[in-house]
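Since the structure comes first, as C-alpha cells, the remarks are kept for the end.
None of the figures in this text is laboratory data; all of them are computed from the coordinates on show. This is a predicted model, so every value here is computed, not measured. Cβ sites come from the backbone with ideal geometry, for glycine too, and all protein chains shown count toward neighbours.
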Amino acid sequence: MESLSESPSKQEIELLPYGEKYHPYHNKYVDFWRQSLADPMRFWDERARELVWYRTWDRVLDDSNPPFYRWFVGGETNVNLNALDRWMNTHVANKVAYYWEGEDGTTRVLSYRDLFREVNKFARALQDLGVKPNDTVTIYLPMIPELPISMLAVTRIGGIHSVVFSGFSPSALADRIVDAKSRVLITADGYWRKGKVVELKKNADEGVRLAEERGAKVDKVIVVRRLGNQVAWNEGRDVWYHELVSKYPENTYVKPVPRKADDVLFILYTSGTTGKPKGIMHSVGGYMVYVYNVFKWNWDIRPEDVHWTMADVGWITGHTYIVYGPLLNGATEVMYEGAIDYPQPDRPWQIVERYGVTIFYTSPTALRMLRQYGDEWVKKHDLSTLRILGTVGEPINPDVWKWYFEVVGRGKCPIVDTWWMTETGAAMIAPAPGISLVQLKPGSATFPMPGIEADVLDESGKPTPPGVKGYLVIKRPWPGMLLGVWGDPERYVKTYWSRFPGYFYPGDYAVKDEEGYFWLLGRADEVLKVAGHRIGTAELEDTLIKHPAVAEAAVIGVPDPIKGEVPVAAVVLKAGYRPSEDLKKELIDMIRTNIGPIATPQAILFVSKLPKTRSGKIMRRLLKDIMEGRPLGDTTTLEDPTAVDELKRAWDEFK
Ligand code: 6R9
C-alpha cells in the first residue's frame, strides 16, 4: 500500500469541471480505498502510529464483545499530547491556532503557544478545584476561544467534557447536567447574537437551579467574561474564569494525564427517536486517530491553510472540525461568534477575505440562506484564496451545490460533501482530496472514506439494486465510532445494531447509483434536521403533552425552502379546553424554554383527533402526506377517516 506518512497529496487540485468524465485522479482514490479494506488492521495501525502515545496498543481492534468494539486496546495517550504538546518544539508553536472574531467585530488571535499556556493554566485551576480523571465537566459556552480551551483543559487532566450548545434552554442544560452528573459548569456572562445580548449566565443559573431540583449537585460555576454585562452572583459557587487563571504563572505546566485508548474522551448529547437525548460517548484513542486522519483527507490540509468551519462547537461538527481536527493537524482555524448574516449578508465572505480562508465548510441551510440574498454580496469580496469548499448536516440540493461551486468557488474548488453524524466521530462518506479527488456529482457525497465499508439495504436486509432507495448501513467497525450511549448500553445496541444485525444502522435513507456513488436522502426515522440541527420529534411531543391543556400531540417535519425542514405539531386538547392564539403561544413558549428556539414549531394545528390505525398507532406518514400535499392512497385502516379531513382543513387554513 502506498504510504501516507508523508504529505498525503502530491497532485495539485486543479480546476474541476464536475460534469466531465472522469476526474484524472478518480481511480487513485478508489484503489486506495480498496486497499484500506483489504487489511484494515494494518491500515489503522499505520494511521495511529502517526500520532504520539504514552504506550502503544496491544491490539488494533478488540471485537470480542460486539457491538462494544474497542480500538487500540492497551494503548495510552492524551489528546492534548497530539493537539498541543507535540507542536511546542516545532514551528507550529508560533503559528495561529485560532483567528477569532466576535459578532461585534472584536478580534483575537491565538497561536498554538498561547493556546498551550491557556490550557495549562486552566487545567491546573480545574485540578485545584478538585476535578479528577473521569469526572464530567459541563461546558455551556458561546463561540469564544475559552470553549476549545475548556475542552482541552478538561481532557488534559483526564476529565470528560459534555458541551451543551449555548442556544439550548436552561431546562435542556439541566437535563444534561443531571444525566452526566457534572459538578462543575463552565459558562459565560453573555454573548452577541444578531446584535442583541444573550444573557447566558442567567440561563446557566436557571439551568443549575433546575438541575439541582432534578437531583444534581453543582459545586462550581466558572464564568468567562465575554461581554461585561451585569450578572447575578452566587458567592461560594461562582468564580470568574479570569480571576481563576490569573493566579497561575504563564509557564504553568500540567502533564497530560495518561488515558486508556478506550476511555471516554467526551460526551455529546444528541436527539434520537425517543424523548430523552442520549449522551454519545467518544473514545480517547479511536476518535483521535479517526478525526486526525479524516480531517487531513477531507481538506488536503497544508501548512499554509486557513480552515473555517462555520458551525457551532456545541454540535459534533464543531467538536471535530473546529477543535480536534484542526489542532491534531496543526492547522489554523477561524472561529466566528455570531449570526452569519449580521450585520449584513456578506459577513461570511468578509471573513473569508479578511483571514485569507482557503477551506470553507458550512451547511446547506447556510448556503440556501446566503444564496437567497443574491450573488452581489458574494462578488463584492475577493474570495480567490478559497481552494476547497465543504458541506455537512443535510442533503445538499444539486442547484445549491452548483451555486456554491460556481459563485462561491468560481468553478475552481471541489465541493466536499461530507455525510456523517454525531455517532460516527467524523466524515464517513465524502470526497477525500487529501488522498486523491474523485469525479464529483452535484448532490452526492461520493464514496466511503478509507477503512469504511457502506451499503444500502432494503427492508429485509438485502442490498438494493442501483438506483433503488434503501437504508444506509456501515458494515464494519471504525475507530471514530461511538463507544456507546452514556449510562445506557441497551439503547446503544438497540438503536444502532439491531435493525440489521452485525451492521451499524445510522437511520438514513440512501441510494447507490450505477457507478457506486452514494446519495444520502435524509432521515428514515422520527428525527428532524431543522436548519441542520438534529431534533427528535419525540422531544417536542413529550414537551407539548406536559401542558395541562394537551391530551395528545404528533410532530412531523415539513419541507422548508431554506431550513430543509421545520417541525409542525398537530395537537388534541383535553375536554374543556378550546383552541386559541394564547394557547398556541403558550405551547410555543414551552418548546422554547424546554428545548430551545431552534426547535420552535412553524405551526400548531388544533384538531379533535389524530389519524390512527385501529390498533391506536398515530399514522405519521399520513400527516406528512397531507402537509406535503401528496395523494393519500389507502386510508381504510384508519380508525376514524374524518380525522384526515379535519387535519387537511387545519393545515390549509394555516397555509
Ligand atoms: C454531522 C452531523 C446527523 C444526520 C445524519 C443525516 C444528516 C449529515 C449529511 C447529512 C445528507 C450530508 N446529514 N450530513 N445528510 N448529506 N452530507 O450533521 O451530525 O447532527 O448528528 O446529524 O445529519 O441525516 O443522520 P448530526
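Assuming a ≥ b ≥ c are the square roots of the Cα gyration tensor eigenvalues, decide whether segment 197-349 counts as rounded (a/c under 1.5), prolate (otherwise, with a/b larger than b/c) or oblate. Rounded, since a/c falls under 1.5.
Taking the radius of gyration and the Kirkwood hydrodynamic radius from Cα positions alone, what is the Rg/Rh ratio for the chain, to two decimal places? Walk me through the numbers on the way to the answer.
Details: Rg = 24.4 Å, Rh = 25.6 Å.
Taking Rg over the Kirkwood Rh, I get 0.95.
Taking 37 °C and 0.692 mPa s as the conditions, I'd like the Stokes-Einstein D for segment 116-163 in µm²/s, using the Kirkwood hydrodynamic radius from alpha carbon pairs. For the chosen part, D equals 316 µm²/s.
Structure note, pairs Lys585/Lys609; Lys563/Lys624; Lys379/Lys412; Lys380/Lys441; Lys278/Lys462: Cα-Cα distances above 26 angstrom occur for Lys380/Lys441; Lys278/Lys462.
For the pair Thr600 and Ser460, the difference between a 0.36 nm per residue extended length and the Cα-Cα distance amounts to 46.8 nm.
Enter the Cα centre distance for the pair segment 574-636 and segment 305-345, rounded to the nearest angstrom. Spelled out, the Cα-based centre of one part sits 36 Å from the other. Label-to-label distance for Lys202 and Ser615 is 4.9 nm, based on points extended 7 Å past Cα in the beta-carbon direction. Label-to-label distance for Gln35 and His381 is 3.9 nm, based on points extended 7 Å past Cα in the beta-carbon direction. The distance between label points at Lys247 and Asp513 comes to 6.1 nm (points 7 Å beyond Cα on the Cα→Cβ vector).
Pairs of Cα atoms in segment 434-506 fall into 5 Å distance bins, from 0 up to the last occupied one, in shares of 3, 13, 21, 21, 18, 13, 8, 3, 0 percent. Straight-line cross-link reach from Lys260 at under 20 Å between alpha-carbon atoms covers these lysines, not counting any fewer than eight positions away in the same chain: Lys132.
Once you divide the Cα radius of gyration of segment 114-195 by 2.2 N^0.38 Å, the number left is 1.08.
List the chymotrypsin sites (Phe, Trp or Tyr not before Pro) within segment 48-100 that fall in a DSSP loop (any state other than H, G, I, E or B) and whose Cβ has at most 14 other Cβ atoms within 10 Å. Spell out each step's value before the answer.
Details: sites: Trp53, Tyr54, Trp57, Phe68, Tyr69, Trp71, Phe72, Trp87, Tyr98, Tyr99, Trp100; in loops: Trp53, Tyr54, Trp57, Phe68, Tyr69.
Filter output for segment 48-100: Tyr54.
Relative contact order for the chain: 13 percent, from Cα pairs under 8 Å spaced at least 6 residues apart, divided by residue count.
Quote to one decimal, in nm, the extra length available between Ala575 and Lys28 on full extension: 0.36 nm per residue of separation minus the C-alpha distance between them. Spell out each step's value before the answer.
Details: separation 547, 0.36 × 547 = 196.92 nm, distance 6.67 nm.
Computed gain between Ala575 and Lys28 is 190.3 nm.
Peptides 645-652, 595-602, 631-638, 538-545 ranked from most to least packed give 538-545, 595-602, 645-652, 631-638, packing being the mean of other C-beta atoms within 10 angstrom over each peptide's residues. Taking each DSSP H run with n ≥ 4 as -39500 (n - 2.57) and averaging over every residue of the chain yields -8000 deg cm²/dmol at 222 nm. Inter-part distance, segment 392-442 to segment 19-93, computed on C-alpha centroids, equals 22 Å.
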